[in-house]
Amino acid sequence: MPRAKADIAVIGGGPAGAAAALTLRRHTPGLNVRLVEASDYSTPRPGEVLPAVARSLLEQLGVMAAFERQGFVVGRAVASAWANDELDERHSIFSAQGPGWHLDRTRFDRLLADAAEAAGVTVRVGCAVRSAAPQGEGWRLTLADGSEIDARAVVWATGRSWRLARPFGARLRVHDGLVAHTRFFDGVAGDCRTVIEARPEGWWYSADLPGDRRIIACMTEPQIAETLGLRTHDGWRQVLDATRHMRALLPADAREGETLVRSAGTATIDPAAGRRWIAAGDTLFAADPLSSRGIIHALRSGIIAAYAAADLLDSDTGTIRESEIRRRYAMISAHGFHGYTQTLAAHYAEAARWPDAPFWQSRALDDTAKRMGGTP
């Protein structure tokens, strides 16, 4: 099997990887860019709400028109029972940025990958990168089918999968153990709202999705989830029935579909960039969903990572040292992480209704700041 060549290989076809690949084609069209995605975009993915601020990023990537043709659900309001038990609604009509969107994430991610391919990126889906090894000045990537890619530089954007950390010489730091127990439902008429409800066991989140679908997720600690039996249908429904607002979102004839159990806590890697590689998206910095940073962070960091990766290749000419490129990228990452930790700690401190509940004890303001302290 012939070995493929690339100037830059992007590992991961989510928003961060696709944004990096698109930016590379628009910024440095002479480069050979390959994108490798493990999935075939056929299974549900978490991350369903896209804030309005994404419009400028999608326009920068040249995909806004294609995005609008998808007809995703427009988000009209966020309803939150957080500091108390009553829902406080914030309507997008009062936002200067306007409404965001509720996504079908698999369709959204596929749209970005298709746009990258149309821009000249060589896209390979349904085939994971199994290993990475230094090769000359760059990297040799071995795929699941045994094929190989020799790349002068790599953008590492595999989401919350850090299996390549060892060959890249990166260290994963998990700041907390938040886990999302998520279920999808069909046959639920949409109301264009995102709903959040704080509970003693953690907090719940819901959004309506295209095609009369709804997602409902319980965010909690692994041990609490085990005690409550959230992995089972009956256990999850029993905890849902104890909520006030979440249970009201499901009509009696709603059809339960896919189930996902995924890590949802804060995690970072160190360093943010290494020898001819740059991390982006959740791989670089996976955020708590409460921060509403997920897809926005992925798009932004993918764009920035693309410029950094192109600069890595320019370092061959001696115009800028690779160590300086990595230092600058690490500074940008650390700055974003610092702002995030302060905001997240303040958000959790607002829900202080259950000071003796284990979930909220571990998220008291001082404790959250301590756990999140330091740089990524």
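A few comments on the model shown:
- Taking the criterion of being closer than 12 Å to Val129 by Cβ and among the acidic types (Asp, Glu), the only residue of the stretch 147-172 that qualifies is Glu148.
- Any hit, the stretch 264-275, residues being surrounded by fewer than 23 Cβ atoms within 10 Å (Cβ to Cβ), touching a residue at least 60 places away in the same chain (Cβ under 8 Å), among the charged types (D, E, K, R) and closer than 26 Å to Thr158 by Cβ: yes
- Boolean, Phe108 is under 21 Å from Thr243 (Cα atoms), hydrophobic (A, V, I, L, M, F, W, C) and either surrounded by 17 or more Cβ atoms within 10 Å (Cβ to Cβ) or at pLDDT below 95 (or both): no
- Filtering Ala157, Ala153 for residues that are in contact with a Leu (Cβ under 7 Å, 6 or more places away or on another chain) and within 18 Å of Thr283 (Cβ to Cβ) leaves a single hit, Ala153.
- The requirement of being assigned to a loop (DSSP other than H, G, I, E, B) and touching a His at 6+ places or on another chain (Cβ under 8 Å) is satisfied by Arg231.
- Yes/no for Gly374 being within 18 Å of the chain's Cα centre (by Cα), loosely packed, with under 15 Cβ neighbours inside 10 Å and at pLDDT below 85: no
- Strands (runs of 3 or more DSSP E) completely within the stretch 28-128 that count 2 or more residues being more than 22 Å from Ala153 (Cα to Cα) and either touching a residue at least 24 places away in the same chain (Cβ under 8 Å) or within 18 Å of the chain's Cα centre (by Cα) (or both): 73-75, 77-81, 100-102
- If you filter the stretch 28-64 down to residues that are within 30 Å of Val261 (Cβ to Cβ) and β-branched (Val, Ile, Thr), you find that the one that is surrounded by the fewest Cβ atoms within 10 Å (Cβ to Cβ) is Thr43.
- From Arg76, Arg90, Arg45, Arg107, residue being farther than 30 Å from Ala349 by Cα and of a type in the set (Lys, Arg): Arg107
- Residues within the stretch 78-99 that are modelled with pLDDT of 90 or more and not charged (D, E, K, R), tallied: 8
- Qualifying residue in the stretch 55-73 (condition: farther than 26 Å from Arg124 by Cβ, touching a His at 6+ places or on another chain (Cβ under 9 Å) and modelled with pLDDT under 95): yes
- Residue match in the stretch 236-249 (condition: touching a Gly at 6+ places or on another chain (Cβ under 9 Å), in a loop (DSSP other than H, G, I, E, B) and more than 30 Å from Arg166 (Cα to Cα)): no
- Filtered residues of the stretch 14-27 (kept if buried (at least 19 other Cβ atoms within 10 Å of the Cβ) and not in a loop (DSSP other than H, G, I, E, B)): Pro15, Ala16, Gly17, Ala18, Ala19, Ala20, Ala21, Leu22, Thr23, Leu24, Arg25
- Some residue of the stretch 301-313 being within 22 Å of Gly12 (Cβ to Cβ), in contact with an Asp or Glu (Cβ under 7 Å, 6 or more places away or on another chain), at pLDDT 80 or above and surrounded by 15 or more Cβ atoms within 10 Å (Cβ to Cβ): yes
The values are calculated or read from the model by the stated rules, or taken from the named source; none is laboratory data. The shown structure was predicted, so the numbers you read here are calculated from the model rather than taken from an experiment. Neighbour counts are summed over all protein chains in view; Cβ atoms, including those assigned to glycine, are modelled from backbone coordinates with ideal geometry.
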